[in-house]
Amino acid sequence: MRATVIHAPHDIRVEEVPDPAIRQPTDAVVRVLRACICGSDLWAYRGESARQPGQRIGHEFLGVVEETGAGVGGFAVGDLVVAPFVWSDGTCAYCADGLTTSCPEGGFWGSVGSDGGQGEAVRVPHADGTLVKLPAAAASDDRLLTALLALSDVLGTGHHAALGAGVTKGSTVAVVGDGAVGLCGVLAAKRLGAERIIALGRHGARTDIARRFGATDVVAERGEAALAAVRELTRGEGAHSVIEAVGTEQSMRTALDIVRDGGAIGYVGVPHGSASGVDLGVMFDRNIALRGGVAPVRTYIPELLPDVLDGTIDPSPVFDLSIGLDEVPAGYRAMDGRTALKVLITP
């Protein structure tokens with residue numbers, strides 16, 4: 001089959017690789033119908049996250065079950081399924097607590113020795129604990145299929161950020177980051193009943209999506225100017241909840257600056273140089289809570305799925321460029337150059 005591999009920074013290729021096969025009785029093989037490129041994939045692409053030459057890449061996909069191991073009881077050949085970006089066994093203490101990303105038997109797609117999502121097919125370990133079945137009819141609805149793909153990562157990650165930030169009905173929320181996760185954070189905050197949602201971003205196409213998703217205000221400034229703008233919108237107090245969806249030192253400092261005393265920051269931006277952005281003394285003095293981390297999206301999919309199916313929420317607009325598998329290298333260049341928000345791949 002064909003799959004995306006990374007050989008070196010800025011060297012992404014689509015190559016012939018061995019077909020996936022059942023190795024353990026709990027495995028399934030899924031033929032990929034939709035995949036995508038994540039902003040976090042760019043850290044490997046830019047050389048800021050180490051990868052072995054020839055390693056697979058991509059962690060978001062949905063598709064059709066092609067084969068199951070003898071130990072798989074919840075799925076049959078032909079089922080339409082979505083996979084969260086981490087596989088998990090569904091039976092350990094962490095999975096029982098909803099923290100599927102800490103499953104001792106779990107792992108990330110594209111890790112050494114595993115298939116990546118940006119290919120024609122994927123071997124899925126612990127299929128019963130990992131995959132979520134989708135309505136078969138969705139396979140013929142292109143928009144819905146694209147919206148359902150967001151369940152594999154960005155929608156659940158935005159939801160995780162909103163929960164970490166303590167978003168409640170009637171609250172004021174600020175979102176730092178105008179990428180796909182930040183925009184899904186806007187969507188999640190709206191879904192949870194936030195009354196005011198302030199999106200921080202300066203790219204018109206992205207802030208237009210933020211408004212479509214429920215943002216009531218847009219702040220294009222950065223640094224001190226952004227702080228002043230948010231304070232002005234919040235009677236000088238700041239936001240009850242702040243979603244941090246970037247992961248840099250500057251973005252975390254901004255989040256700390258704009259959160260209200262007694263408020264909370266939900267952070268889901270993959271950290272790269274953000275450690276010095278957290279001042280525990282400031283957080284202590286102002287009673288600021290910090291919660292978040294890698295999102296256990298497998299836990300959230302059953303809750304979010306009905307709202308996607310009935311159209312209550314539609315994350316599909318975050319995918320603004322659609323390509324075939326052979327065009328994946330160009331898709332990485334587009335996202336790296338910020339000419340695309342999030343690239344949809346149709347193998």
With the structure loaded, tell me whether A188 is of a type outside the set (D, E, K, R) and in contact (Cβ under 8 Å) with a residue 60 or more places away in the chain or whether it fails that test. no
Name the one entry in V72, V64 that is of a type outside the set (D, E, K, R), touching a residue at least 24 places away in the same chain (Cβ under 8 Å), under 26 Å from A295 (Cα atoms) and not in a strand (DSSP E or B). V72
If I filter the stretch 243-256 for residues that are open to solvent by 40 Å² or more (accessible area, probe 1.4 Å) and modelled with pLDDT of 95 or more, do I get at least one hit? no
Going residue by residue through the stretch 190-197, is there one that turns out to be in contact with a strand residue (DSSP E or B) (Cβ under 8 Å, 6 or more places away or on another chain), in a strand (DSSP E or B) and open to solvent by less than 20 Å² (accessible area, probe 1.4 Å)? yes
Enumeration of residues in the stretch 11-48 that are assigned to a loop (DSSP other than H, G, I, E, B) and free of Cβ contacts under 8 Å to residues at least 40 places away in the same chain: P18, G47
Which residue out of T130, T146, T101 is under 27 Å from V218 (Cα atoms) and polar (S, T, N, Q)? T146
Do we find that D217 is open to solvent by 40 Å² or more (accessible area, probe 1.4 Å) and either closer than 19 Å to R291 by Cβ or in contact with a strand residue (DSSP E or B) (Cβ under 7 Å, 6 or more places away or on another chain) (or both) in this structure? no
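The values are calculated or read from the model by the stated rules, or taken from the named source; none is laboratory data. Note that the structure is predicted; figures quoted are calculated from it, not measured. Cβ: placed from backbone, ideal geometry, glycine included. Neighbour counts: every protein chain shown. When the accessible area is computed, the model is the full protein with side chains, heavy atoms only, and any ligands, DNA or RNA have been set aside. Shrake-Rupley method; radii C 1.70, N 1.55, O 1.52, S 1.80 Å.
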